[in-house]
Amino acid sequence: MRLVLKLGGSLLYNKDNQIIITRIKEYAKVIAQLAIDGHDIAIVVGGGKPARAFISAARELGASEAQCDWLGIKTSRLNAELLCASLQRHAYPKIVESLDELEIAAYSNHIVLMGGLTPGQSTNAVAALAAEITHADLLLNATNVDGVYDKDPNDPGAIKLDDVSIENLEIILSGGGTRAGEYRLFDPVAIRVVKRSKIGTVIFNGLNPSNISKIVAGEKIGTMISHKTSSMEE
Ligand code: UTP
């Protein structure tokens, strides 16, 4: 299978803002095994806490939103470097910085790593675009909650959904922030791309890296985003 994995930056840092080295190692082990098993993999790593720290400091210092976004992009690329180091010979040695570069790297027989690409979006949009351009079979979105909830997962009574249509996801996530560092689970670009190309997407809890291999093996974990099939396709 051709896979794109989005790794939320929040998964890589503990509450004291320190890098969780053991988790990066666990991810590298699981992902390297999938590559050994013959899967083609591209990984997009998010910015996490350091991105938010740089963005809020820069904003206070008078930076524009685009400058703040660039700080998020650069931080996400640094996070991608960590996973790249841990994947060693399995990884394409350069963090990919454009979709053109991705098209070439995707055929290198190595695991490709990316962070952000361009201001005005989140790394979820990058992952959706990466899945679209590489014709991925599955977009795996590892986050720090169990999947998509019918409302804010911190609200008491929020229910985790096993499946959600892309249209419903759009409604659930409407009203998310549009400033640097504030994009929600799926920003509008990510939704649009997943919708137009009907990309099979699973949003799941990445605190347990082995969830990735379970999903690839067909286990139902997290929330699956479903797409309408037109009568022409049936
Ligand atoms: P993300 O918000 O995507 O990081 O990128 P994240 O850590 O994955 O987020 P969570 O933890 O899963 O919620 C960090 C910031 O980098 C900028 C945005 O400001 C974003 O909020 N960014 C990222 C861009 O401007 N363009 C990109 O293509 C990617």
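Here, each number is a calculation from the coordinates, and none is a lab measurement. The model shown is predicted, which means the values in this text are computed figures rather than measured ones. Heads up, the Cβs are rebuilt from the backbone with ideal geometry, glycines too, and the neighbour counts pull from every protein chain shown.
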>> Counting just the Cα atoms, what span does the stretch 120-218 cover along each of its three principal axes? Round to the nearest Å and put the largest first.
In response: 36, 30, 24
> Antiparallel as a % of all DSSP beta bridges within the chain, to the nearest 5?
Replying inline: 15
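Give the calculated FRET efficiency between residue 210 and residue 144 to the nearest 0.05, with a Förster radius of 22 Å applied to their Cβ-Cβ distance. The partial results should precede the final answer.
Values: r = 16 Å, r/R0 = 0.72.
E between residue 210 and residue 144, to the nearest 0.05, is 0.90.
Can you flag which of 6/29; 25/198; 74/220; 29/160; 74/151; 151/220 are past 25 Å Cα-Cα?
25/198; 74/220; 29/160; 74/151
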> Taking Rh as the Kirkwood radius, which is the inverse of the mean 1/r over Cα pairs, what is the Rg/Rh value for the stretch 1-58?
Replying inline: 1.08
> Working out 0.36 nm times the residue gap between residue 94 and residue 219, then minus their Cα-Cα distance, what length gain in nm do you get to one decimal?
Replying inline: 41.8 nm
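More than 22 angstrom separation, counting every C-alpha pair in the chain; what % is that?
Working: 13463 of 27261 pairs.
Roughly 49 percent, rounded to a whole number.
If one computes P(r) from the Cα atoms of the stretch 7-130, what percent of pairs lie at distances over 18 Å? Provide the component values of the computation, followed by the final result.
Details: 3913 of 7626 pairs.
Tail of P(r) above 18 Å: 51 percent of Cα pairs.
Taking 0.36 nm per residue of sequence separation and subtracting the Cα-Cα distance, how much length would be gained by fully extending the chain between residue 61 and residue 26, in nm to one decimal?
Values: separation 35, 0.36 × 35 = 12.60 nm, distance 3.75 nm.
That works out to 8.9 nm of additional length.
If packing is taken as the average number of other Cβ atoms within 10 Å across a peptide's residues, how do 150-161, 192-203 rank, most packed first? Could you put the intermediate results ahead of the total?
Values: 150-161: 11.2, 192-203: 19.9.
Sorting 150-161, 192-203 by mean packing, highest first, produces 192-203, 150-161.
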>> Could you give each residue of the stretch 39-53 its phi-based ³J(HN,Hα) in whole Hz, using Karplus coefficients 6.51, -1.76, 1.60 with θ = phi - 60°, and x for Gly or Pro?
In response: 7, 8, 10, 10, 10, 10, 9, x, x, x, 4, x, 4, 5, 5
